[in-house]
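Since the structure comes first, as structure tokens, the remarks are kept for the end.
The values are calculated or read from the model by the stated rules, or taken from the named source; none is laboratory data. Please read all numbers here as calculations on a predicted model, not as lab measurements. We place every Cβ from the backbone using ideal geometry, glycine too, and count neighbours over all the protein chains shown.
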């Protein structure tokens, strides 16, 4: 299982709260029991669920693999208040292993 620091958990799994005005980077650590120590990530694709009628959809600004080849990241912007989006991360390793993980972004206006 991936390590996702800063995320919250509920009965459906991992999620993070994001203000619609925020543009933030989220990371996933893929160093796990199933990935051999000699393997590294070779590709990553992030996708965001589309919500019909959404006037300010959650958008991917950038994504990729960190220099060590073990972490992925996605930079997200937008999102409509009170919408919950599913973000999917698909990876492939140098050894040809494929895996996918999902987390949710709960958009909500945040106040100090």
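Observations on the model:
- Lone unmet requirement of (1) modelled with pLDDT of 95 or more; (2) under 18 Å from residue 26 (Cα atoms) for residue 68: (1)
- The set of residues in the range 77-108 being in contact (Cβ under 8 Å) with a residue 40 or more places away in the chain and not in a strand (DSSP E or B) consists of 79, 80, 81, 94, 95, 97, 108.
- Selection status of residue 107, over 13 Å from residue 20 (Cα atoms) and modelled with pLDDT of 95 or more: no
- Pick from the range 13-35, criterion assigned to a loop (DSSP other than H, G, I, E, B) and modelled with pLDDT of 85 or more, ranking: surrounded by the most Cβ atoms within 10 Å (Cβ to Cβ): 30
- Qualifying positions in the range 36-67 - more than 18 Å from the chain's Cα centre (by Cα) and surrounded by fewer than 14 Cβ atoms within 10 Å (Cβ to Cβ): 36, 37, 38, 52, 53, 55
- Matching residues in the range 39-57 - criterion: being outside any strand (DSSP E or B) and closer than 23 Å to residue 84 by Cβ: 49, 50, 51, 52, 53, 54, 55, 56, 57
- All told, residue 6 meets the bar of being outside any strand (DSSP E or B), under 13 Å from the mean Cα position of the chain (by Cα) and at pLDDT below 95.
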